[in-house]
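Derivation of every value follows stated rules applied to the coordinates shown; laboratory data play no part. As the structure is a prediction and not an experimental result, all values here were calculated from the model. Heads up, the Cβs are rebuilt from the backbone with ideal geometry, glycines too, and the neighbour counts pull from every protein chain shown.
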Amino acid sequence: MGLEKGLVQLYVGDGKGKTSAAIGLAIRAVGAKLKVCLIQFLKAKPSSEVQVLKFLGVGLFRCGSKDFVDEKNISQLDIDEAKKGFDHAKKMMASGFYDVVILDEVCAAIKYGLLDEKDLLDVLEKRPENVEVVLTGRVCSDQLRDYADLCTEMKCIIHPFDSGVAARHGIEF
């Protein structure tokens with residue numbers, strides 16, 4: 001089965017839905033009998049999608065030192081966790097086992113200085129040609145955007161956080 005040609009997809013923007021879109025793609029891919037791996041950067045807090053993705057056979061690797069990474073107070077543990085996630089991502093892309101590899105919040109890890117964008121571009125360039133890669137995060141450089149085969153921007157128009165509604169279990173996490 002598998003893909004003949006894997007592309008690079010990029011979901012960015014200040015709006016809600018980047019991770020949800022990536023997970024939707026993962027579910028669609030599993031339904032098509034593709035093998036999927038999801039690496040979640042900067043995410044240590046339990047999230048509701050984890051159990052169902054495991055049940056569906058999605059390879060899942062979460063790497064984060066705490067609930068939220070404060071870009072003004074980056075710790076060595078934050079850096080180490082991001083590096084662990086990136087090392088895992090490289091192995092999964094090169095393994096030949098996965099058809100789709102999702103790097104959730106990798107753009108944020110780059111923005112916060114936890115990972116080097118040049119290293120990511122190098123890995124993308126060297127991956128097997130049949131591996132689809134999905135990258136998410138609020139912002140990305142022009143270089144990464146130009147490298148991608150698809151870039152979708154999620155734009156926030158109205159968000160409940162702005163009126164004081166906290167993140168809800170099962171909806172935002």
- Message: So if I check each of Glu81, Glu49, which one is in contact with a helix residue (DSSP H, G or I) (Cβ under 7 Å, 6 or more places away or on another chain) and under 28 Å from Arg168 (Cβ atoms)?
- Response: Glu49
- Message: So for the range 119-135 (the condition being in a helix (DSSP H, G or I) and within 21 Å of Ile27 (Cβ to Cβ)), does at least one residue qualify?
- Response: no
- Is at least one residue of the range 73-96 touching a residue at least 60 places away in the same chain (Cβ under 8 Å) and out of contact with any Pro (no Cβ under 9 Å at 6 or more places or on another chain)? no
- Among the candidates Val101, Val123, Val131, single out the residue that is more than 21 Å from Lys43 (Cα to Cα), surrounded by 13 or more Cβ atoms within 10 Å (Cβ to Cβ), among the β-branched types (Val, Ile, Thr) and in contact (Cβ under 8 Å) with a residue 40 or more places away in the chain. Val131
- State which residue is farthest from the chain's Cα centre (by Cα) when the search covers only the range 3-14 and only residues that are part of a loop (DSSP other than H, G, I, E, B) and either surrounded by 15 or more Cβ atoms within 10 Å (Cβ to Cβ) or acidic (Asp, Glu) (or both). Glu4
- Task: Scan the range 28-51 and give yes if some residue there is in a helix (DSSP H, G or I), in contact (Cβ under 8 Å) with a residue 60 or more places away in the chain and crowded, with 17+ Cβ neighbours inside 10 Å, otherwise no.
- Result: yes
